[in-house]
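The values are calculated or read from the model by the stated rules, or taken from the named source; none is laboratory data. This is a predicted model, so every value here is computed, not measured. In this analysis, Cβ positions are derived from the backbone assuming ideal geometry, glycine residues included, and neighbour counts consider all displayed protein chains.
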Amino acid sequence: MDTRTIKLIEEYLNDELESEALKAFQAELNENPELMKEVKLHSEINQAIMDKDSQKLRNELQAIHQELKRKQLAARIIKVLSKPVYASSLAATVLIAIIVAGILFFSDANTNSSEGIFSNYYQADDAIMMVRSGTSPEDINLKEALLAYHEKKYDNAIELLQHQNNNILAKYYLGLSYLETDKLEKAIETFQSIIEHKNNLFVEQAEWYLSLCYVKSAREEKAKILLEKISDSKSIYKEKAEKILKKI
């Protein structure tokens with residue numbers, strides 16, 4: 001999407017379009033489903049920005065995600081157990097026991113591996129943080145980057161966010177984009193720079209995602225040090241950090 005269209009969308013949502021421009025834009029909306037989709041997306045992001053419970057919502061979504069994984073495993077076991085077994089078929093009974101034990105063993109092994117722990121506890125943050133509704137090239141660039149991130153176009157997001165050198169918000173989503181594209185070293189460097197900056201709103205999140213980078217890359221000592229720091233704090237990730245520490 002070009003910068004002119006993004007600017008028009010923002011002006012439309014902010015009631016800044018003049019009468020003739022407004023009529024022309026509304027006419028275009030009625031005929032262009034893609035434009036309507038983009039306007040709706042911008043509106044949803046702007047609405048989410050104002051949601052004071054956005055962090056709580058993300059935590060609830062993470063909890064639901066973990067619960068679904070547990071239910072999926074239970075469903076697999078139930079499916080195996082539900083197959084007909086006759087009393088005289090001792091071999092079939094033993095086979096079922098072996099299969100169930102195998103599922104539980106490998107599930108537990110995978111859960112406690114570096115990749116398994118990362119998979120169970122990693123949940124990408126949504127692009128719903130505060131964005132100025134400005135029309136400067138920097139503001140438009142940032143909004144485009146967050147839209148790309150929202151649409152899971154992480155390589156595009158990286159390309160745009162790299163130009164926002166002094167913006168902590170941009171650095172945060174740059175780190176997440178690196179993590180999503182498995183560029184662990186760059187993700188680590190980016191999250192470290194946010195933590196070292198200290199005076200910003202993303203230190204807590206940066207510490208959490210940095211600890212997961214260490215877990216995924218099997219750097220247990222660094223992971224333990226950071227997770228212990230998180231577990232000893234009042235961080236929203238305190239309980240998750242404590243659970244991971246029991247697994248590594």
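Examine segment 185-200 for a residue that is within 16 Å of the chain's Cα centre (by Cα), in the same structural domain as residue 158 (by TED's automatic domain parsing), surrounded by fewer than 17 Cβ atoms within 10 Å (Cβ to Cβ) and not small (Gly, Ala, Ser), and state whether such a residue exists.
The answer is no, given that none of the residues of segment 185-200 is within 16 Å of the chain's Cα centre (by Cα), in the same structural domain as residue 158 (by TED's automatic domain parsing), surrounded by fewer than 17 Cβ atoms within 10 Å (Cβ to Cβ) and not small (Gly, Ala, Ser).
Can we say residue 191 is within 15 Å of residue 169 (Cβ to Cβ), without any contact (Cβ under 8 Å) to a residue 24 or more places away in the chain and aromatic (Phe, Trp, Tyr)? So that I can check it myself, show each step before the final result.
Values: within 15 Å of residue 169 (Cβ to Cβ): yes; without any contact (Cβ under 8 Å) to a residue 24 or more places away in the chain: yes; aromatic (Phe, Trp, Tyr): yes.
Spelling it out, residue 191 is indeed within 15 Å of residue 169 (Cβ to Cβ), without any contact (Cβ under 8 Å) to a residue 24 or more places away in the chain and aromatic (Phe, Trp, Tyr).
Which one of these is among the aliphatic types (A, V, I, L, M) and under 18 Å from the mean Cα position of the chain (by Cα): 245, 212, 226? Steps first, answer last, please.
Values: 245 fails: under 18 Å from the mean Cα position of the chain (by Cα); 226 fails: under 18 Å from the mean Cα position of the chain (by Cα).
Going through 245, 212, 226 in turn, the sole match is 212.
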